[in-house]
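Below is one structure; the comments refer to it alone.
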Amino acid sequence: MQNSAKPVLIGMLTPSSNTVVEPYTSAMTWPLFPDVSVHYGRFRVTKIALDQASNSQFALEPILQSAELLADARLDLIAWNGTSASWLGFETDEALCAAITERTGIAATSAILSLNRLLARMNVRRLGLVTPYTDDVQQKIIANYATLGIETVAERHSGRSDNFSFSEVSETEIAEMCREVATSKPDAIAIVCTNMRGPLIAPELEKELGIPVLDSVAFTLWGCLMATGVDTQKLSQFGRMFTLERTKAALAS
C-alpha cells in the first residue's frame with residue numbers, strides 16, 4: 001500500500017560528464033518509490049587533476065546556480081554527489097553544504113561527508129581504497145584520511161584523469177582491485193568515485209570477501225536517507241550499510 005505521507009524529495013548535483021550517478025541511484029531507490037524520489041542537476045566537470053584548471057571546476061558559484069535550479073522542486077535535501085573533497089579537503093564540502101543551505105534554504109550533504117559519517121559509524125581505522133584516479137590524487141586522498149586517524153592499508157587506482165573515462169572502468173576491473181586490497185585485511189573497502197560502476201557489484205563482493213565494500217553512489221544515497229529519516233532496510237540487497245540502524249549517534253558522527 002502506498003504511503004499517504006508527503007514523499008521525500010532528494011536532489012543530487014553531479015558532474016556534467018558523469019553517466020553513473022543517475023541510472024544507478026535510480027535503480028537502487030526503486031524499492032522506495034514513490035515514497036522517495038531523486039532529482040538531478042549538473043555542473044561542468046570534465047577532468048580530475050591537481051592543477052588550478054581542474055580545481056576551479058569546483059568553484060562555489062556554478063554549483064550554487066545548479067542547486068538553485070534543483071531547489072525549485074521544493075526538495076527535502078540536496079546532495080553533492082561527487083568526491084572532490086576527498087582530495088581537496090573535507091572542509092570544502094562542509095563549506096559547500098553550508099553555502100547551498102544559505103542560498104536555497106534546503107539542508108545539504110555530500111558523498112564524502114556521508115562516507116566519513118559511515119566510516120565513523122563502522123569504526124573503520126584500516127581502509128582499502130579503490131579509485132580510478134592518478135597517483136598524485138590518490139596520495140592526497142590517503143593523506144586526508146590519515147588526518148581522521150584512518151590508515152589506508154592498501155590501495156589500487158586506474159591512473160585516469162578524464163572524468164568520463166571513469167565510467168569505462170569495467171565492473172570486472174573494479175572487483176579485481178577490491179580483491180587485491182582485501183588481502184591486506186582492511187576494516188572496509190571504499191570505492192571512491194561516483195562515476196565508477198561499483199554499486200551493484202559491491203554487495204556480492206562483501207559476501208565474497210567478508211569485508212564491507214562501500215561504493216560512492218551507494219554511500220551518498222545512504223547519507224541522504226539518513227538525513228531525511230528514511231528507513232533503509234528495503235535496500236539491504238545493496239549492501240550492509242543499508243542494514244545499519246538509524247540512530248542519533250549515527251547522524252551526529
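Let me make sure I get this right: for the range 1-150, a, b and c are the square roots of the gyration tensor eigenvalues over alpha carbons, sorted descending. Under 1.5 in a/c it's rounded, otherwise prolate if a/b > b/c, else oblate. Which is it?
Prolate shape, in that a/c is at least 1.5 and a/b is the bigger ratio.
Can you classify the range 123-215 as rounded, prolate or oblate using the Cα gyration tensor, where a ≥ b ≥ c are the square roots of its eigenvalues, rounded means a/c under 1.5, and otherwise it's prolate if a/b beats b/c and oblate if not?
oblate
What percent do you get for the relative contact order of the chain when only Cα pairs under 8 Å and 6+ apart count?
Once normalised by length, the contact order is 21 percent.
Across the chain, how many lysine pairs, 8 or more positions apart or on different chains, have C-alpha atoms separated by under 25 Å? Please give the number.
7
Taking neighbour counts of Cβ atoms within 10 Å as a proxy for exposure, in what order, fewest first, do Met241, Met28 appear?
Fewest-to-most Cβ neighbours within 10 Å comes out as Met28, Met241.
What whole-number distance in Å separates the alpha-carbon centres of the range 172-206 and the range 51-129?
22
Only the coordinates and a few stated rules stand behind these numbers; no lab work does. Treat the numbers as computed from the prediction; the structure is a model and nothing was measured. For neighbour counting, all protein chains shown are included, and Cβ atoms are generated from backbone atoms with ideal geometry for every residue, glycine included.
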